[in-house]
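The block underneath contains the structure these notes are about, expressed in structure tokens.
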Amino acid sequence: MKTGITKLDTHLHELFGPLGEGPRRFLAFLFLNVISWQSIVGTVLILHARALGIDSASVGVLNSLAFFASVLGIATKPLAERIGSKRLLMTGWTMRNILVAPLALSPWVYLRWGTSGAMILLSATVGLFCITRAFAGIAWSSWIHEIVPSESLARFYSIETIMTRLLGVTFGVICFFFLGSQPQLWRFSVIAACGVIAGLMSIRSIARVPGGQPPAMTSGTAWHHGFEIALRDRIFARFLGCMMLCTFVMAGEALLLTLLLRDRVGLGAGTILLFMSMGSLVTVFTTLRWRRIADTHSSPTSIAAATLLMSFCLLAMIPLCFGFEARGYAIALCLLVAVAETGTYVSSTRAYMLRMNPNYRHAYNALWAAALAVAGGISSLLVGWSIHWGTSTPFAIVAMGYALLMLATTFCFLRLPEGAVTCKTLSTHLFNPHRPIRSLVRIWGYVLRPGPSVDHRVSGASQTVPPDAPNDP
């Protein structure tokens, strides 16, 4: 009994070790912000739109707004450098929650003007929400990069991911009982209103975070100077290209899985959210292991393992495309998808932060957000248009195509270096450079296998990747 308690204390200390006042307060802001996001956009927006009778092609357009709007962050790069991350983020987050508030009126608009009127309301409110978020979003990662030391980045994002997933579980369970299988429209309205309230409350939390002041800029420097530095950074550019392919698949997969469970398997809105929350619960136990793999085997190796798992999940969606209605199979798929998504997020954010030049963080963030936004937006449009007719074949073709593209992305990540470490030089008891695919599957076993401690499974790694920040190119 004492041994078990000691191990638990060790893991809790490793995960929730001292981060400093700034990171802890930013996590408090993230807590409320996650509630707001889950209640307004994402899976609940897709289900809300379908409940209003909006077709899948239009749902794809709605889902793409959050991606395409992020390109606008490039325009606010000079503003972020002039007024600082704190003022920009607080102003943008205040506006976005005020502008999205009319979303709660969707049942009344639907009764008065039908599906077309509801589509206009959702497009306007969600569009404004995403635009204001994009204008201020450039300050998000810049502020984190400022207040979180490089050696604590993996811990910070692990805590953020676990917190997000636990909230996802709570949100899914609540929605399962509140929405049911055939929810009335006013129930979606209540969820949206709760999201607006949580978003407004988060603004007070962000005001207590230190830092976020304007950076010291050299007088006479052109507004596009940082972009030139970032684009000439070959290490960053190669990683960004790989992440664009990864985001293209991930964005399409999220929309595809939700519509697949609703339109082909026939699950209700509450059940879908419950199944996805089960995946969030599993990731609470796997996030720390993804983090350890990224720290000891390099972020590209960890991302490659996660993308290979996602490729397997996309192939596993094909039986559901043809009406396979086994709920146990659907639950298992949701669990694995969540694990793959979490591994990609934890590892890629760590890798991105380590490749960012701190002297030009706003420019790096703007390019990062814009590039991934374009990839995700195009993918959402493609999926929505491809499965517009709702037959089995388009679903299966999209799932197969995305699986093959994600497999190609896996090999791209295996070619990326991190510091002095590459997959060709990395050799541990988990990874054999001569058999990379078999090694990535072995990493799945480490991440998914219950029981053994993280330290025991990864001990003996011959090489640890130092969390060095990139130099000025």
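Considering every residue within the stretch 285-299, establish whether at least one is part of a loop (DSSP other than H, G, I, E, B) and either within 24 Å of A154 (Cα to Cα) or modelled with pLDDT of 90 or more (or both).
Looking for residues that are part of a loop (DSSP other than H, G, I, E, B) and either within 24 Å of A154 (Cα to Cα) or modelled with pLDDT of 90 or more (or both), one finds at least one in the stretch 285-299, hence yes.
Only one residue in L336, L281, L315 is surrounded by fewer than 22 Cβ atoms within 10 Å (Cβ to Cβ), in contact with a helix residue (DSSP H, G or I) (Cβ under 7 Å, 6 or more places away or on another chain) and free of Cβ contacts under 8 Å to residues at least 60 places away in the same chain. Which one?
Only one candidate qualifies: L336.
Right, L245: over 30 Å from S277 (Cβ atoms), touching a residue at least 40 places away in the same chain (Cβ under 8 Å) and open to solvent by 10 Å² or more (accessible area, probe 1.4 Å) or not? If you could, list the steps in order and put the result at the bottom.
Details: over 30 Å from S277 (Cβ atoms): no; touching a residue at least 40 places away in the same chain (Cβ under 8 Å): yes; open to solvent by 10 Å² or more (accessible area, probe 1.4 Å): yes.
In short, no.
If the requirement is being surrounded by fewer than 22 Cβ atoms within 10 Å (Cβ to Cβ) and either out of contact with any Cys (no Cβ under 8 Å at 6 or more places or on another chain) or assigned to a helix (DSSP H, G or I) (or both), which of these qualifies: M201, M276, M250?
Just a single option satisfies the conditions, and that option is M201.
Restricting to the stretch 340-359, give me the number of residues that are over 22 Å from A420 (Cβ atoms) and surrounded by fewer than 24 Cβ atoms within 10 Å (Cβ to Cβ).
Matching residues across the stretch 340-359 total 3.
Does A207 satisfy the condition of being in contact with a Leu (Cβ under 8 Å, 6 or more places away or on another chain) and open to solvent by 30 Å² or more (accessible area, probe 1.4 Å)?
no
Those residues that are of a type in the set (G, A, S) and closer than 13 Å to S348 by Cα, I need them from the stretch 233-259; list them, please.
Listed by number, the list holds a single entry, G241.
Name the residue, out of A305, A237, that is without any contact (Cβ under 8 Å) to a residue 12 or more places away in the chain, over 15 Å from the mean Cα position of the chain (by Cα) and closer than 28 Å to L354 by Cβ.
Matching residue, one of A305, A237: A237.
Does L255 satisfy being surrounded by fewer than 24 Cβ atoms within 10 Å (Cβ to Cβ), outside any loop (DSSP other than H, G, I, E, B), hydrophobic (A, V, I, L, M, F, W, C) and within 19 Å of the chain's Cα centre (by Cα)?
Spelling it out, it is not the case that L255 is surrounded by fewer than 24 Cβ atoms within 10 Å (Cβ to Cβ), outside any loop (DSSP other than H, G, I, E, B), hydrophobic (A, V, I, L, M, F, W, C) and within 19 Å of the chain's Cα centre (by Cα).
Would you check which residues across the stretch 339-367 are basic (K, R) and either without any contact (Cβ under 8 Å) to a residue 60 or more places away in the chain or within 25 Å of L448 (Cβ to Cβ) (or both) and list them?
From the stretch 339-367, those basic (K, R) are 350, 355, 361; that's our starting set.
Residue satisfying the conditions is R350 alone.
Of all the helices (runs of 4 or more DSSP H) wholly in the stretch 377-473, which have at least 2 residues that are surrounded by 12 or more Cβ atoms within 10 Å (Cβ to Cβ) and at pLDDT 90 or above?
392-414, 436-448
Over 21 Å from the mean Cα position of the chain (by Cα) and either at negative phi or touching a residue at least 60 places away in the same chain (Cβ under 8 Å) (or both): which single residue out of L45, L52, L65 fits that description?
After ruling out the rest, the residue left standing is L52.
Could you tell me whether any residue of the stretch 284-291 is under 29 Å from F68 (Cα atoms) and open to solvent by 10 Å² or more (accessible area, probe 1.4 Å)?
No, the stretch 284-291 contains no residue that is under 29 Å from F68 (Cα atoms) and open to solvent by 10 Å² or more (accessible area, probe 1.4 Å).
The values are calculated or read from the model by the stated rules, or taken from the named source; none is laboratory data. Since this is a predicted model, take the numbers as computed values, not measurements. Note that we place each Cβ from the backbone using ideal geometry, even for glycine, and neighbour counts take in every protein chain shown. Ligands, DNA and RNA are stripped out before the accessible areas are found, and what is left, the full protein with its side chains, is counted by its heavy atoms. Shrake-Rupley method; radii C 1.70, N 1.55, O 1.52, S 1.80 Å.
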